[in-house]
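Peer 1: One structure coming up, written as structure tokens, with questions to follow.
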Amino acid sequence: MELRHLRSFIAVAEELHFGRAARRLHMAQSPLSQQIQRLERELGVPLFRRNRRKVELTDAGLAMLDHARRALDHAERAASTARAAGTGRAGRLDVGFLATAALALLPAVLPPFRKAAPDATLRLTEAGSQDLLRALHRGELDVAFTRPPAPAAELASTVVWREPVVAVLPAGHPLCAGPDVHLADLHGEAFVTFPRWSAPEFYDHLVAACHDAGFAPRVVQEALAMPTVVGLVAAGLGVALVPGGIRHLALPGVAYRDLRGEPAHAEIAMVHLAGNDRPLLQVFTSTVRAIPTV
């Protein structure tokens, strides 16, 4: 059963006149009659009662009309969805992100992307940098917002967010008295930080900044998520260095202070497999690059 036969049947069933149905379909009446006859032969039952005065649906025709309309509607929607997916306006995109990316980057990215691809479905997954990279390699994610990875031929990586690192101090710490601190002021402090394996390049960047300031950080506690790091500072376990966007977490018991001289920055990269050429991914990456986030 062909879709054109269903269209012809629906037109005749709604017009109950072969001439009007033919004009509606922009075809001659004779080919239309032949299509209906072929459809009736295929089904083995008459769909219309015809005489010189009128055309009527048979019981079989009445029973088929609603199903024919729904079948044609499903087929047209399937074709529309396929066209939309082929041009990057529909489909599912699996996006991974760091917790810090949810504070400022995602709110800047998602609204314009939804406007560019209104029929797309996003599945968002939060994880650490290394877990996000592993998920990309396994094909579980299409794109991830993570700390910039080490250069790799199989990965396409673009820095899309850059912000200064700030110090997090327990409320009441002597360094809270000033509007900012120098990194060297943290010499001798106990540090709360994330484990190196979760974001090696960023971890090494922070340690190198401390070394340039004349000391090695004395790490007393590690926590995987940045909000947890801030919470442990609030509990008095030590101080921390975090991306500036964490200021949005206005937890009681902590104070954020800028670092004089901007000795360190936190970057977030948009990363995907270099061979992933899905149209929807291309729309997403183009949308991200158009946003002034760096």
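The values are calculated or read from the model by the stated rules, or taken from the named source; none is laboratory data. Only a predicted model underlies this, so the values are computations on that prediction, with no experimental measurement involved. Heads up, the Cβs are rebuilt from the backbone with ideal geometry, glycines too, and the neighbour counts pull from every protein chain shown. These area figures cover heavy atoms from the full protein model, side chains too; ligands, DNA and RNA do not enter into them. Shrake-Rupley method; radii C 1.70, N 1.55, O 1.52, S 1.80 Å.
Peer 1: Just to be sure I understand: with springs between alpha-carbon atoms less than 10 Å apart, which residue in L65, L249, L105 has the highest mean-square fluctuation in the Gaussian network model of the chain?
Peer 2: L65
Peer 1: Using alpha carbons only, what's the Rg to Rh ratio of region 174-220 with Rh from Kirkwood? Kindly include the intermediate steps, with their values, before the conclusion.
Peer 2: Values: Rg = 11.5 Å, Rh = 11.6 Å.
Computed over Cα atoms, the ratio is 1.00.
Peer 1: Now, a different point. How much length is gained on full extension from T228 to E56, taking 0.36 nm per residue of separation minus their Cα-Cα distance?
Peer 2: Working: separation 172, 0.36 × 172 = 61.92 nm, distance 7.31 nm.
Separation in residues times 0.36 nm, less the Cα-Cα distance, equals 54.6 nm.
Peer 1: In Å², and per residue, what accessible area does the chain have when probed at 1.4 Å with the other protein chains present? Walk me through the numbers before you get to the answer.
Peer 2: Working: 14780 Å² over 294 residues.
Counting only protein heavy atoms, the per-residue value for the chain is 50 Å².
Peer 1: Once both labels are modelled 7 Å past Cα along the beta-carbon direction, what's the E140-R23 spacing in nm?
Peer 2: According to this spin-label approximation, the distance is 6.3 nm.
Peer 1: Across every pair of different alpha-carbon atoms, what Kirkwood hydrodynamic radius in Å does region 198-244 reach?
Peer 2: Values: mean 1/r = 0.0868 Å⁻¹.
This gives a value of 11.5 Å.
Peer 1: Same structure, new question: Using only the Cα atoms of region 230-294, each taken as one equal point scatterer with no solvent, compute I(q) by the Debye sum, divide by I(0), and report log10 of the ratio at q = 0.12, 0.16 Å⁻¹.
Peer 2: Values, matching the q order: -0.54, -0.74.
Peer 1: In whole Å, how far is the Cα centre of region 224-294 from that of region 7-83?
Peer 2: Centre-to-centre (Cα) distance: 60 Å.
Peer 1: Which whole DSSP H helices in the chain pass both tests: a Cα extent of 20 Å or more along the axis and a mean Kyte-Doolittle value no lower than -0.5?
Peer 2: Working: long enough: 29-43 (21 Å, -1.15); 59-86 (41 Å, -0.34).
Sorted by number, the helices that extend far enough and score high enough are 59-86.
Peer 1: Moving on. Of A240, A28, A184, which has the largest mean-square fluctuation in a 10 Å C-alpha GNM of the chain?
Peer 2: Result for the chain, Cα springs under 10 Å: A28 fluctuates most.
Peer 1: Using a 1.4 Å probe on the protein heavy atoms, what percent of the accessible area of region 1-153 belongs to carbon and sulfur? Mind showing how you got there, number by number?
Peer 2: Numbers: 4410 of 8450 Å².
Its accessible area is 52 percent carbon and sulfur atoms.
Peer 1: I've got another one for you. On the Cα set of region 15-169, report Rg and Dmax in Å, please.
Peer 2: Using the Cα atoms of region 15-169, the pair Rg, Dmax is 27.9, 93 Å.
Peer 1: Given only helices, namely DSSP H runs of n ≥ 4 each adding -39500 (n - 2.57), what is the per-residue ellipticity at 222 nm of the chain, to the nearest 500 deg cm²/dmol? Write down the numbers at each step before the final one.
Peer 2: On the way: 9 runs with 118 residues, N = 294.
Estimated from H runs of four or more residues: -12500 deg cm²/dmol.
Peer 1: Next up: Longest span of the chain, sites excluded, free of GluC sites (Glu not before Pro) in DSSP loop with at most 11 other C-beta atoms within 10 Å? List each step's numbers first, then the result.
Peer 2: Values: sites that count: E2, E154.
So the longest stretch without any such site is 3-153.
Peer 1: So, one more: To the nearest 0.05, how large is the calculated FRET efficiency for E154 and K115 if R₀ is 30 Å and r is the Cβ-Cβ distance? List each step's numbers first, then the result.
Peer 2: Working: r = 31 Å, r/R0 = 1.04.
With a Förster radius of 30 Å, E is 0.45.
Peer 1: In the calculated pair distance distribution of the chain, what percentage of Cα-Cα distances lie above 25 Å?
Peer 2: Working: 26481 of 43071 pairs.
The answer is 61 percent, as a whole percent.
Peer 1: Evaluate the distance, in nm, between pseudo-label points positioned 7 Å from the Cα of Q37 and of E76 along their respective Cα→Cβ axes.
Peer 2: 2.9 nm
Peer 1: Please express the Cα-Cα pair-distance distribution P(r) of region 124-253 as a list of whole percents, one per 10 Å bin, running from 0 to the bin with the greatest distance.
Peer 2: 11, 41, 32, 14, 3
Peer 1: Scan the chain and report its longest stretch carrying no trypsin sites (Lys or Arg not before Pro) that are both in a DSSP loop and have at most 14 other Cβ atoms within 10 Å.
Peer 2: Values: sites that count: R52, R53, K54, R138, R260.
With trypsin sites (Lys or Arg not before Pro) excluded where exposed in loops, the chain gives 139-259 as its longest stretch.
Peer 1: Could you check what % of the DSSP bridge pairs in the chain are antiparallel, to the nearest 5? Working shown, then result.
Peer 2: Numbers: 24 of 42 bridges.
Expressed as a percentage, antiparallel bridges in the chain total about 55.
Peer 1: Something else now. Given a 10 angstrom Cα cut-off, can you work out which residue in Q29, Q221, Q130 is the most mobile in a GNM of the chain?
Peer 2: The residue that fluctuates most here is Q29.
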